[in-house]
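Chemist: Structure provided below as structure tokens; questions to follow.
The values are calculated or read from the model by the stated rules, or taken from the named source; none is laboratory data. None of the values given here were measured: they were computed from a predicted structure. Reconstructed Cβ throughout: ideal geometry from the backbone, glycine too, with neighbour counts over all protein chains shown.
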Amino acid sequence: MKRIEKKFMHCCVFLNYVIPNVFCTNNETVLWKDIIDHRDYNKYIRRPTLNNSKPIEVVFEIVLNSINSLDMKDQILTTSVGIRMSWRDEFLLWNSSLYGETKKILAPLSEIWNPDIRLINYADKSNIFEDKDTLVNIYSTGLVEWHNFIELKTYCFVDTTQYPFETEICKLHFSAVHLDDKEQLIKIQLQDDYFNRFQSNGEWHISKPNKIRTYTEIRNSNSKRFAGVVLEIEMERRQTYYVWKFLIPTVAITCINMVTFLLPVKSGAKVTLSTFVVLSFTVMIQLFNQSLPSSSDKISQFGRLLWCLLGMSGLSLILNVVITAIFYRKCTICKINYSVCNCAKLTKQLQDKPRNTTCCCKSKEDKQTIELKYIGPQEKETAQQGSSTENKSMFSLNAQFRVAKITIC
């Protein structure tokens, strides 16, 4: 019985190892099985080099495809980029003549060693190799190429001083986290037509190729130096939308605020229109602040202008209220209606008042409103000459006092 079981096991071994190698026609499958199973390939090694004193060099290429959005409130930039990286894995070498002149194969990214590169200023995810379903090209020389198009969300600290007519500079910062510059180096490369691949955005505009810059840097952390790559984007905001949203309404409301002083008091619209202007600027400031981050570092100059205009409109409202109150106020002297015959009594009250004191009263006889103005004895004749024929009769009643000028209010 034991001999039968032993022969059966030998047959299984023969079927699993001998038959696939003899009858299999796919050289790539045989090659990949040989690398993974027979070579005991370890994807968790620190770096895939035979010489541990030599750092592995990763060639990094990045192309900006589009700027999707910049959330001013949360200060998050969303971009679509194309990333291509290549490195040499010395444990993935093979002789192409032994595998039917196979010089390149496709393999899952999750099955091989990945470079230690992370997105530093990430807002969503830092691992750009998170999609393990992507494939890589592996060459017989050990060269590995990986490229993918991904959407990145990064923090971009905006400068709101010139908002909404500003230019923002945002960065995509890639760097090593575990392997220092003695173990891994990053070399940046740019394609010649990288700017032609950029798709314009309805809100942001990049005018020149030099507005997209890439450079390598060494980041110091915990007394170690880590190699990194920075993609710097200088973008200008398109102003048409914000001109119609903020600038033109602000100019229109300011003009309305000035028109309130031209309205007659009797129209009754001075205070009403001034109140409308104050409320309009309040709503405008509220809408403006909703699109800005909750930060006290820098204040928008346009926001300061709105606050100044709100203060001026409030002052205009106060002035219009005062003007209306003065126009409709009652004279402190003429607390009752005097007839023309009683003007002498009123004139005696004016003798102790300063020069040019004015008082308006209604006559009980002719139902007219008259103005009494103290001018002094020396101005009596001039006042008589300048008064109208209609008012001379009224003035003659008070001529003996030589202190009042009577005119129609």
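Quick grid of which residues meet (1) over 30 Å from Gln199 (Cα atoms); (2) in contact with a strand residue (DSSP E or B) (Cβ under 7 Å, 6 or more places away or on another chain); (3) at pLDDT below 85:
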position: Asn26; (1), (2), (3): yes, no, yes
position: Ile36; (1), (2), (3): yes, no, yes
position: Arg46; (1), (2), (3): yes, no, no
position: Glu61; (1), (2), (3): no, yes, no
position: Asn68; (1), (2), (3): no, yes, no
position: Leu77; (1), (2), (3): no, yes, no
position: Arg84; (1), (2), (3): no, yes, no
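Chemist: So, in the stretch 130-150, exactly how many residues are hydrophobic (A, V, I, L, M, F, W, C) and surrounded by fewer than 18 Cβ atoms within 10 Å (Cβ to Cβ)?
Modeler: Number of matching residues: 4.
Chemist: Is it true that some residue in the stretch 95-113 is under 29 Å from the mean Cα position of the chain (by Cα) and charged (D, E, K, R)?
Modeler: No, there is no match, as no residue in the stretch 95-113 is under 29 Å from the mean Cα position of the chain (by Cα) and charged (D, E, K, R).
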